[in-house]
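See structure below.
FYI, it's all coordinate maths here, none of it is from the lab. This is a predicted model, so every value here is computed, not measured. Glycine also receives a Cβ, built like all others from the backbone with ideal geometry; neighbour counts cover every protein chain displayed.
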Amino acid sequence: MSPVRIKDHWREQRIFDRRAWFAGTVMVLSALAVLGRLYYLQVERHAYYSVLAQANGVRTEPIPAARGLIIARDGEVIASNRPTFDLMLTPDEVPHLRAALEHLVKLKLLQADALPDLIRTIKSRESFDSVPIRLDLSEREVARFAVRRYEFPGINLSPQQARWYPFGSLAVDAVGYVGTISAGDLKHINQAAYAGTAVIGKTGVEAEYEKQLHGTNGYRQILVNALGRPVSRPGVLARDLHVEPPVPGQDVILSLDLKLQRLAEKLLKGRDGAVVALNPWNGDILALASSPAFDPNLFARGISEKQYRALVNNPDLPLFDRALRAQLPTGSTIKPAIALGALTDGMVNPTKRIYASSDWHLPGSDHLFHNAAHEVCGWVGLRMAIIMSCDVYFYRLAYKMGVDRIGAWLPDFGFGHPTGIDIPGEQPGLAPTPAWMAKHYPHDYGWYPGDTVILGIGQGSFLATPLQMAHYTGILATRGLSFEPRLVTGLRNPRTHKIHWKRPILDGNLTMISPASWKVVIDAMHGVTTNPRGTAYWTMINSPYPIAGKTGTAQLTREQANGDYNRKATPEKLRDDSWFIAFAPVKAPRIAVAVLVEHAGWGATAAAPIARKIMNAYLLGPNGKLLPATPAEPFSEPATLTPRVLAGVPATLTALERASRPESPPIGSRVLASEAP
Amino acid sequence: MHEELSTESRTRRTLGGAARVLLALKVDGPLLTGLGLVAAYGLVVLYSASAENLPMLLRTLLRLALGAVIMLALARVNPNILRRATPWLYAMGILLLLAVAAVGHVYLGAKRWLDLGPVQFQPSELMKLAVPMMCAWYLHERPLPPRWSDLAVLSAIILAPVALVAKEPDLGTAMLIGAGGFIVVFLAGLRKRVIAALLLLAVAGMLFGMRFMHGYQRERLVSYLNPEAHPLGAGYHIIQSQIAIGSGGVFGKGWMAGSQALLDFLPERTTDFIFSVIGEEFGLLGVLVLLLLYAFVIGRSLYLSMQGPDTFSRLLGGSVALTFFIYVFINAGMTTGLVPVVGVPLPLVSYGGSSVVTVLSGFGILMSLYSHRKLMG
């Protein structure tokens, strides 16, 4: 069919050459495409891919900052960091996991019954991640492991820092504690800043000064391979790795006097109660004790479920900070405030005596209000009514003043609103201020005159915390100055040891109360401890320095309120709370104390002796004589406010912002009004 | 005048000393130099890419030596003997492929290897040479361009081994074998209309196939056909490869300083993705040097094959040159993200396998065809 074709060599050569040239052209074009692509990757997008390559192999590991110390005013460290050793295991490097763990059990470094759980945990992690298999080894355990380390490839001691409270429960309600970071904590911290941090302040100063104590974590870039395994010899690639050292947290200096704190806790031992002692001239808290207490070290390394349940289920509520959170009726300790209000408002003539029997009829009612234990006061003036704590006198005074007047005075003495102490958790207490009345008893509907009457003796719609009572005592001691109570006096740079002192915050000055009124009431409070009829005469007898005090016996049941009270017949939980407030020395006070002992009966019998011992410890030297006014303290401020310094200072109210707090009228608004020309 | 002439002739004689040795060896000097430089470059890169793995380097050297010996041996063989042996070689290859299918060694789910005691042997590598040889042998006696009946026979010659290899499964090698055969037919003057029709058919077939597959099926098909290449998914390979090349920039990060390679982010960095290591450590300049070496080898090969005295020589030589180009192009293309990832090594640089021996054998045949051209003709 087709013609016979003969091979034509020239033609075939031509075909081949043409095809070869064509193929050559295709190859050149293809090569250009590859070169174009290379140019795009290596020149155009070089920066982009460089970043990707760097991000691929570099992992950032946080270096936690050392947490700041918490130091008492005398230089004792109350919260520190303790080096601990954890046993870490890297599964990849352990040839025989089970054998190694069993060997550790033989050395008594692990519990045999913990092995199955431990092996499961280890298996669940990446094989190159080191897993903690035992936390916080004791020194002996560290030594026992260290000498046999060579037998345990892949198992290492890892040094860690743990929070350590060397004195255990001492001042736990002031210092607070740290605990493992919870889901709730994560919501209000910058999580990036906490990478590598194990614990966070939960309560007290640890919580309030978390930011300063925490410091700034650093980081270290390490080289990892595609599996995330750190590269042990980064060699030439190490040049781009960056290390940012951490900035340690600041040390916090407390106003606490640990000698006083220890004494207060000792005196409260075995009882439910609280002690707050402060320097009335700057609000520095010298002792803040709540009993029973608990050991914060339990929380610092992770509390066990069992330990936590034991604390929570304890009927004495050790976790409950009574000093800041117990809102209780204060009994007669309120009387000096009522008296000062009445004097200033002209509701009482201090020299006029009235006859006070053992009980009093509310006018127009047959309801009887009794004196405590149905005592008959006899003919008493304001001074003696305070000295012997005559309830009937104050029933009548309170009735005369009315709830509006009393309610207007109570906030000036720090009641019904938080004192502003520099740790969280404080309760506001309760005072029938005009605003509170308007909200709860509009047009006084439902409020009975009897409710007003018992206000005069610190019962009924009046509740305060031990901290508020100490703050109130400080206002009495300074004759009208209100300082925000504070625990933290300064922050110390851990490197330079330079201290930044905080200024005390004066947030009120009751200048409308005349010196004469102060004299009447403070003389009377002095009489409480010196007049043979004084309620604290026998507990304060022969004091080497003058003390102004006031007892309080707060009633918890209706029988008590009616005066039909038999202490022995009443179950302990319903017995009277015992209160005592005092400041000393009377003329130039250095310390103000409030003591609460729950369910202990008369204020004079349980609370007053505690207050006396604390004041003695603070004011008396080893020879039993009054110490000079300024004790040498390593952390005392260069310019401590003294009565003399303050006398020349007009009411420079640094914290009138108080007004911004809801439900509390601006303290000192009256001060400013009275000072206006 | 006489002096000058004698000087010149002496110079020519001394220069010719080395040339005569090469001539006696039937070896092409420039091509040998090019191949040597590429192999040397490859060793330098492999030292870094393997993280200073000396045993690996030693094995590569041994393979290069074996390949060189075979190349030199083949270069000395008379092309006529080669041509006459071709059908037997091809038949043996087909038989070996059948043997693999029957008793082959299974590795990673694919049957590719014949276990010959101490050595393992991949018959598909033999086919990379045998198929173009067979096509060239078939077309040698026939007038060009090939007729339809010739094309039918050629299709059978090409597709039989392709099908066997694809069934192993080793799609990449099957494609390369097919390409080697097709290049011979193309160089023989396959009509442009037929080429265009074949291209259209291939594109249509691909689109048609894809149309009826879901994404996961497509992926599964690819990983089924080539399980080794995608242990972590093709996407990861190509992303890390582009990061490596891109981060190398113009000058590269330096020898032994490629973080992508050293930290294991680059997969298959001694084998299929060694091109990325070059891009990362030596930058655009280093890649250009390598590509220029390749261009020289390919250009020289093409030139040599154009000098071929007969159809067999020219077609076979051209096929060796163009197949070599396809290796380089596909590898460079897949590491830079230009073409899909198929397991094609970078010739003479990638570590491993029989491919070094195959490639050098091809160049040995090419040299033989060129150096014996005067004997034929």
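Overview of values
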{"quantity": "For segment B:281-320: Kirkwood Rh in Å [reciprocal of mean 1/r, alpha carbons]", "calculated": "11.2 Å"}
{"quantity": "Translational D in µm²/s for segment A:340-456 (Stokes-Einstein at 4 °C, 1.567 mPa s, Kirkwood Rh from C-alpha pairs)", "calculated": "83 µm²/s"}
{"quantity": "Cα-centred dipole magnitude for the protein assembly as shown, charges only on beta-carbon of K, R (+1) and D, E (-1), debye, nearest 20", "calculated": "2820 debye"}
{"quantity": "Under 5 Å, built H, 5+ apart or other chain: amide partners of residue A:254", "calculated": "A:71, A:72, A:73, A:489"}
{"quantity": "Counting all C-alpha pairs of segment B:135-179, share separated by more than 16 Å (%)", "calculated": "42 percent"}
{"quantity": "HN-Hα J in Hz across segment B:310-324 - Karplus 6.51, -1.76, 1.60, θ = phi - 60°, x for Gly and Pro", "calculated": "9, 4, 4, 4, 4, 5, 5, x, x, 5, 4, 4, 6, 4, 4"}
{"quantity": "13 Å cut-off, amide nitrogen to a point 7 angstrom out along residue A:225 Cα→Cβ, residues in segment A:114-150", "calculated": "A:128"}
{"quantity": "Residues with amide H under 5 Å from that of residue B:252, placed H, sequence gap 5 or more", "calculated": "B:283, B:284"}
{"quantity": "Residue order, fewest to most surrounding Cβ atoms within 10 angstrom, among A:390, A:377", "calculated": "A:377, A:390"}
{"quantity": "Percent RCO, i.e. relative contact order, over chain A, from Cα pairs under 8 Å lying at least 6 residues apart", "calculated": "13 percent"}
{"quantity": "FRET efficiency, residue A:99 to residue A:180 (Cβ-Cβ, R0 30 Å, nearest 0.05)", "calculated": "0.40"}
{"quantity": "Residue-by-residue Karplus 3J(HN,Hα) for segment A:431-436, coefficients 6.51, -1.76, 1.60, Hz, glycine and proline x", "calculated": "9, x, 5, x, 5, 5"}
{"quantity": "Cross-link pairs A:400/A:519; A:335/A:439; A:187/A:502; A:211/B:253; A:269/A:335; A:266/A:306 - those with Cα-Cα distance over 31 Å", "calculated": "A:211/B:253"}
{"quantity": "Cβ-isolated cysteines (cut-off 4.7 Å), the protein assembly as shown", "calculated": "B:135"}
{"quantity": "Debye-sum result for the protein assembly as shown in log10 I(q)/I(0), which assumes one identical scatterer on each alpha carbon, at q = 0.10 Å⁻¹", "calculated": "-1.15"}
{"quantity": "Cross-link reach list, lysines versus residue B:26, counting only Cα pairs under 27 Å and skipping chain neighbours closer than eight places", "calculated": "B:128, B:374"}
{"quantity": "Cross-link partners of residue A:123 among aspartates and glutamates (Cα-Cα below 14 Å; sequence separation of 8 or more within a chain)", "calculated": "A:92, A:93"}
{"quantity": "Magnitude of the charge dipole, segment A:118-194, Cβ model with Lys/Arg +1 and Asp/Glu -1, debye to 20", "calculated": "280 debye"}
{"quantity": "Hydrodynamic radius by Kirkwood, which averages 1/r over all alpha carbon pairs of segment A:47-131, in angstrom", "calculated": "17.3 Å"}
{"quantity": "Of the DSSP H helices in chain A, those whose Cα atoms cover at least 24 Å axially and whose Kyte score averages -1.0 or more", "calculated": "A:9-39"}
{"quantity": "Separation of the residue A:112 and residue A:211 label points, Cα + 7 Å toward Cβ, nm", "calculated": "5.4 nm"}
{"quantity": "Residues whose placed amide H lies under 5 Å from that of residue A:507, excluding near-sequence neighbours", "calculated": "A:482, A:483, A:484"}
{"quantity": "Fewest-first ranking of A:436, A:281, using other Cβ atoms within 10 Å as the exposure measure", "calculated": "A:436, A:281"}
{"quantity": "Cα gyration tensor category, rounded, prolate or oblate, for segment A:302-377 with a/c compared to 1.5", "calculated": "prolate"}
{"quantity": "P(r) tail fraction, segment B:326-377 - alpha-carbon pairs more than 12 Å apart, %", "calculated": "69 percent"}
{"quantity": "Computed E for residue A:376/residue A:63 - FRET, C-beta separation, R0 56 angstrom, nearest 0.05", "calculated": "0.15"}
{"quantity": "Inter-site label distance for residue A:448 and residue B:147 at 7 Å from Cα along Cβ, in nm", "calculated": "13.0 nm"}
{"quantity": "Approximate spin-label separation residue A:10-residue A:48, in nm, with each point projected 7 Å along Cα-to-Cβ", "calculated": "5.7 nm"}
{"quantity": "Whether segment A:1-143 is rounded, prolate or oblate, judged on the alpha carbon gyration tensor where a/c under 1.5 counts as rounded", "calculated": "oblate"}
{"quantity": "Dimensions (Å) - segment A:143-192, Cα atoms, principal axes, largest first", "calculated": "45, 32, 13"}
{"quantity": "Global geometry of segment A:138-257, whether rounded, prolate or oblate, following the gyration tensor of its Cα atoms and the 1.5 cut on a/c", "calculated": "oblate"}
{"quantity": "Mean-position separation - Cα centroids, segment B:126-193 and segment A:126-165, in angstrom", "calculated": "68 Å"}
{"quantity": "Order of A:141, A:61, A:426 - criterion: other Cβ atoms within 10 Å of each residue's Cβ, fewest first", "calculated": "A:61, A:141, A:426"}
{"quantity": "At R0 = 35 Å, FRET efficiency that the Cβ-Cβ distance of residue B:250 and residue B:52 yields, to 0.05", "calculated": "0.85"}
